[in-house]
1. Arrange the following residues from fewest to most other Cβ atoms within 10 Å of their Cβ: W343, W163.
2. Which value does Rg/Rh take for the range 347-398 over its C-alpha atoms, Rh per Kirkwood?
3. Convert each backbone phi in the range 175-188 into a coupling constant with the Karplus relation 6.51 cos²θ - 1.76 cosθ + 1.60 (shift: θ = phi - 60°), then list the ³J(HN,Hα) values in order as whole Hz, x for Gly and Pro.
4. Quick check on packing: order 72-81, 125-134 by the mean number of other C-beta atoms within 10 Å, highest mean leading.
5. Quick one: which of 98-109, 175-186, 284-295 comes out on top by average Cβ neighbours within 10 Å, and what's the full order, highest first?
6. If packing is taken as the average count of other Cβ atoms within 10 Å, what order do 143-150, 422-429, 434-441, 389-396 fall into, highest mean first?
7. So if I take the alpha carbon set of the range 12-206, get Rg, then get Rh from the Kirkwood formula, what is the Rg over Rh ratio?
8. Below 10 angstrom from the Cβ of M381, what's the summed charge of the other residues (Lys, Arg +1; Asp, Glu -1)?
Amino acid sequence: MISAFKKMFSIPQLKEKLIFTIVLLALCRVGAYITVPGVNAEEVVRLFKFTAGGGQNLFQLVDIFSGGAFAQMTVIALGVMPYISASILMQIMVTLIPSLQREIRENHEAGKRKIGKATRFITLLLAVVQSTVYALYAVKINNSNPGIIVQELLNFEVAGYPWLFILLVVLTMTTGTLLLMWLGEMITERGIGNGVSLIITLGILSSFPSVLGNIIKQLNLDSQESGQLTFVSVAVLASFFVAILVGTIYLVQGQRNIPVQYARRMVGRQEVQGGSANIPLKLNYAGVVPVIFANTFLMSLAFVSQLVGKEGFFDWIAGLLSPGTISYLIVLSLLIIFFTYFWTTTQFHPEQIASELKKNGAFIPGVRQGKPTQDYLEQSMNKIVMAGAFSLALIAILPTVVSKLLSVDANISNFFGGTSLLILVGVVLDTMKQIESHLIMKRYDGFMSKGKY
């Protein structure tokens with residue numbers, strides 16, 4: 001492993017990509033320490049912790065993805081979530097609109113550019129809307145807890161709203177999101193790995209020092225009295241983390257291989273020998289998309305309920321979706337399962353696979369070509385999706401369950417499992433595969449292989 005890391009920097013092209021990626025990721029973290037002008041950062045953090053209530057909170061998920069920028073009301077408080085939402089929305093539109101599918105098939109590059117422009121435009125709209133909601137929420141909190149916003153910004157009011165402050169927040173946070181989007185695209189094009197995913201991963205990893213500090217603080221090592229955490233609970237938590245890590249890796253990497261046989265066929269005047277291959281059906285075909293969709297939906301309800309006040313229907317919604325309650329866990333699990341099936345249905349097309357197999361003279365042993373092959377693939381994927389959906393839901397709710405059973409702080413349990421761990425594992429494995437491909441091209445060994453040359 002150590003020799004592989006040394007070889008990474010011995011290849012000039014790979015070395016340039018790695019350095020370029022590291023520099024841009026460092027620039028992404030700069031914005032996490034620049035507070036929106038006119039805001040008292042210390043007071044914002046204090047009020048955020050009070051809002052979180054010490055348990056797993058929907059606001060904490062956004063804060064984890066942004067690397068703490070959300071709680072401090074910095075210029076990158078929104079992170080890359082608007083861009084992710086826009087990308088997912090465009091993928092759904094491509095699936096549902098036949099004209100976009102046809103354009104991509106006929107001219108892939110032109111279609112890709114068109115989708116890229118539409119994604120950036122939707123990102124801009126979502127960033128403006130989310131930053132406006134954020135500003136209104138900050139104004140509402142400031143009315144009950146004065147001191148987080150400079151009074152001069154609040155004095156300029158039109159129709160009862162401090163539009164100068166709102167405009168300042170929208171401009172700075174939208175600019176921060178667009179900057180992160182651009183840096184992420186640059187990393188994808190000229191660096192190593194998926195830029196947006198790496199930015200989220202960096203934000204998650206940046207919370208590790210604070211998590212470690214919380215563990216040491218709750219152990220209460222400076223006093224003879226027992227702390228909130230004990231060494232036994234820490235050992236149980238570590239064991240839980242290892243088990244979830246292994247399970248997450250199996251979930252990300254797991255797949256079922258459908259065997260395929262190729263019959264002998266004539267290509268021109270030559271007869272091509274038949275062969276065998278596999279169609280890999282991934283256990284986690286939808287990736288983290290269902291988890292992001294479910295949490296985004298719940299996050300939107302949380303924002304609305306906080307903005308309009310807990311009265312009537314929203315009071316009932318706030319109680320139903322209170323983090324840590326059984327109803328919250330059930331709703332989150334059902335949403336993840338639903339979005340897993342929805343995403344797989346829109347992205348997996350067994351009819352196209354069956355058509356391509358028939359066109360190339362291939363068949364699944366024991367299954368006739370055409371419609372029977374399509375039905376077989378669809379049934380196989382449905383069985384796999386069921387296992388993947390329930391596994392995703394289990395990983396997503398485990399932090400809340402462990403937090404309640406061990407009386408562990410939500411920030412600690414969120415880091416050791418759930419959505420953050422799923423993203424970490426997926427991004428790290430994908431980045432390692434890209435680096436390994438560069439090493440293999442230069443006749444070096446990969447991370448896990450033994451010497452051959």
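1. Sorted ascending by nearby Cβ count, the order is W163, W343.
2. Looking at the range 347-398, the ratio lands at 1.17.
3. Each residue's phi maps through the Karplus curve to give 4, x, 5, 5, 5, 5, 4, 5, 5, x, 5, 5, 5, 4 Hz.
4. Ranking, from highest mean packing down: 72-81, 125-134.
5. Highest to lowest by the protection proxy: 284-295, 175-186, 98-109.
6. Ranking, from highest mean packing down: 389-396, 422-429, 434-441, 143-150.
7. Taking Rg over the Kirkwood Rh, I get 1.04.
8. Within the 10 Å Cβ shell, the charges total +2.
The numbers here are math on the coordinates, done by the rules we state, and not lab data. For clarity, every value in this text was computed on a predicted model and none was experimentally measured. Counting neighbours? That spans all protein chains shown, and the Cβs are built from the backbone with ideal geometry, glycine included.
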